[in-house]
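What follows is calculated from the coordinates using simple rules that are stated; it is not laboratory data. Since we're looking at a predicted model, the values are computed, not measured. So basically every Cβ, Gly included, is an ideal-geometry build from the backbone, and we count neighbours across all protein chains shown.
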Amino acid sequence: MGNSYQGRPKLRRLHKPAVDKPVNQILKELRPQPSSTSNSAYREQSLKIHGLICAKCAREFDVKTRHLLTVHHKDSNHQNNPPDGSNWENLCTYCHDDEHSREILGDYQRKAKEDKR
């Protein structure tokens, strides 16, 4: 038998770096900070402008059920967030799903029509 077995290599011990900041502060710095165009920022702005009511079915919401309201971008561009709210409409989750399923159905029907030509 040859001397090919050299044994398990020794594990190096990792030295902990000296930390001069508390862990909570480091985590806070690593978390992304909300910007003025973040989802929660423009959602709150849209709820203030348009109220707690669905623009499609006119269902009214209160503080307890406001989580069921979503912001729909009329032009489907999520980067277009004017401060006056002209590109937003508040839709309940049901109407929002319906709105997007109509878009998907319309795209499907347009493609089917083009394929027939």
Whole-Hz couplings from phi, Karplus 6.51/-1.76/1.60, listed for the range 104-116; x for Gly and Pro: 5, 5, x, 4, 4, 5, 4, 5, 5, 5, 5, 5, 6
At 7 Å along Cα-to-Cβ for each site, give me the label-to-label distance between LEU105 and ARG43 in nm. 2.7 nm
For CYS57 paired with LYS74, estimate the spin-label separation in nm (one decimal), with each label point 7 Å from Cα along the Cα-to-Cβ line. 2.2 nm
